[in-house]
Amino acid sequence: MAGNVYGPGVRMGNWNEDVYLEEELMKDFLEKRDKGQLLIQRSRRLKENLLRQMQLSVSQDGYIHFGDKVMLVNPDHPEVETDLFLRGDLSLSVTPDEIKALLSDELEGPCGLSMAPAKIPLGRNTFVILSVDRDADGQVLRFGQNFRLGITGGFEDKMLYLSSDHRTLLKSSKRSRLQEVYLTDEISYLNCWQAAYLDPQLRLEYEGFPVPANAKVLVTHCCTNRGLAAHRHLLLGTYFGKEAEVVAHTHLDSHRAEKARNHWMLVTGNPRKDSSTVLDLPKPPAQDTQALEQAADPGCSNPP
């Protein structure tokens with residue numbers, strides 16, 4: 001009888017089973033790869049859509065209209081309560097759950113949000129101004145008027161809506177434990193918002209006036225009457241790195257005026273260049289504080 005060519009203790013049947021399993025696993029791997037169903041392929045497609053450059057709407061009259069594509073930007077300001085915070089203009093951005101991002105190539109709700117230091121309009125930070133009434137597309141958005149903020153995340157057949165609800169013991173923001181904001185595909189009163197004039201002493205007088213583009217305004221949640229707020233001092237570890245927390249909470253100073261955390265700009269496109277915003281335009285001398293300082297004291301920037 002011939003000896004066992006595979007060595008002592010090795011059974012022929014087990015070896016054949018192992019080879020068969022390896023072939024089946026390789027066959028399954030190649031089939032999923034060809035269909036683009038591998039986890040790394042799904043994750044890559046989701047990331048590509050979220051980071052796809054978008055084109056913002058260009059305001060011809062200086063106002064925001066229903067149907068406009070804008071970025072929600074919290075202008076740069078120092079945090080007086082802490083030394084560690086994100087500087088620069090921060091834009092409201094989609095932040096998918098890391099586990100979901102690895103398992104799916106679709107943007108699914110509910111989905112989280114964060115503040116990212118990105119000035120380029122991308123799939124994850126380009127929102128659409130949507131009307132509660134469907135026949136209002138193209139009309140001017142006015143102070144005190146309900147509207148929705150939708151986002152596609154770079155997908156063509158997807159729309160999620162910026163929403164919020166009263167905080168509970170089981171549902172609140174991750175860092176501050178305040179009222180959270182999130183994205184959902186369900187249309188309800190929880191995703192209705194209003195724009196308010198920045199100066200509280202003139203707020204009632206400006207009720208019903210058109211909302212200007214690229215100017216500081218307040219964004220208030222209709223259901224809870226909480227203001228959208230950027231917590232640039234509270235950092236989050238997200239799918240895209242370290243970013244800041246965003247919540248629905250009104251921060252008031254000693255004069256009962258909203259703090260800079262509640263200040264927002266509905267940023268539109270730059271008419272001079274594609275895939276950019278008006279933030280890229282040079283500031284007029286009257287708005288450039290550094291230019292004013294140099295004009296007041298020409299020698300301050302060039303010391304002897």
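The set of residues in segment 79-109 being outside any loop (DSSP other than H, G, I, E, B) and at pLDDT below 75 consists of Glu98, Ile99, Lys100, Ala101, Leu102, Leu103. The set of residues in segment 217-244 being among the hydroxyl-bearing types (Ser, Thr, Tyr) and either surrounded by 20 or more Cβ atoms within 10 Å (Cβ to Cβ) or assigned to a strand (DSSP E or B) (or both) consists of Thr220, Thr238, Tyr239. Of the residues making up segment 68-83, those that are in contact with a strand residue (DSSP E or B) (Cβ under 7 Å, 6 or more places away or on another chain) and open to solvent by 40 Å² or more (accessible area, probe 1.4 Å) number 3.
Just one of the listed residues (Leu183, Leu162) is under 19 Å from Ala244 (Cβ atoms), out of contact with any Cys (no Cβ under 8 Å at 6 or more places or on another chain) and buried (at least 17 other Cβ atoms within 10 Å of the Cβ), namely Leu162.
Quick check: is even one residue across segment 95-107 under 21 Å from Gly227 (Cβ atoms), buried (at least 20 other Cβ atoms within 10 Å of the Cβ) and not hydroxyl-bearing (Ser, Thr, Tyr)? Checked against the condition, which is being under 21 Å from Gly227 (Cβ atoms), buried (at least 20 other Cβ atoms within 10 Å of the Cβ) and not hydroxyl-bearing (Ser, Thr, Tyr), segment 95-107 yields no hits at all. Please verify whether Leu130 is surrounded by 15 or more Cβ atoms within 10 Å (Cβ to Cβ), modelled with pLDDT under 95 and under 17 Å from the mean Cα position of the chain (by Cα), treating the condition exactly as stated. No. Taking segment 235-265 as the range and being of a type in the set (A, V, I, L, M, F, W, C) and more than 20 Å from Asn225 (Cβ to Cβ) as the test, the residues that pass are Leu235, Leu236, Phe240, Ala244, Met265.
Annotation: of all residues in segment 245-272 being open to solvent by 10 Å² or more (accessible area, probe 1.4 Å) and small (Gly, Ala, Ser), the one that is modelled with the lowest pLDDT is Ser254.
For Tyr189, all conditions in the list (1) among the aromatic types (Phe, Trp, Tyr); (2) in contact (Cβ under 8 Å) with a residue 60 or more places away in the chain; (3) within 27 Å of Leu107 (Cα to Cα) hold save one; what is the number of the exception? The one condition Tyr189 does not meet is (2).
Scanning segment 235-262 for residues that are more than 13 Å from Asn74 (Cβ to Cβ) and of a type in the set (A, V, I, L, M) yields Leu235, Leu236, Ala248, Leu252, Ala257.
The values are calculated or read from the model by the stated rules, or taken from the named source; none is laboratory data. For clarity, every value in this text was computed on a predicted model and none was experimentally measured. Virtual Cβ from ideal backbone geometry, glycine too; neighbours counted across all protein chains shown. Just the protein is used for accessible areas: all its heavy atoms, side chains included, with ligands, DNA and RNA removed. Shrake-Rupley method; radii C 1.70, N 1.55, O 1.52, S 1.80 Å.
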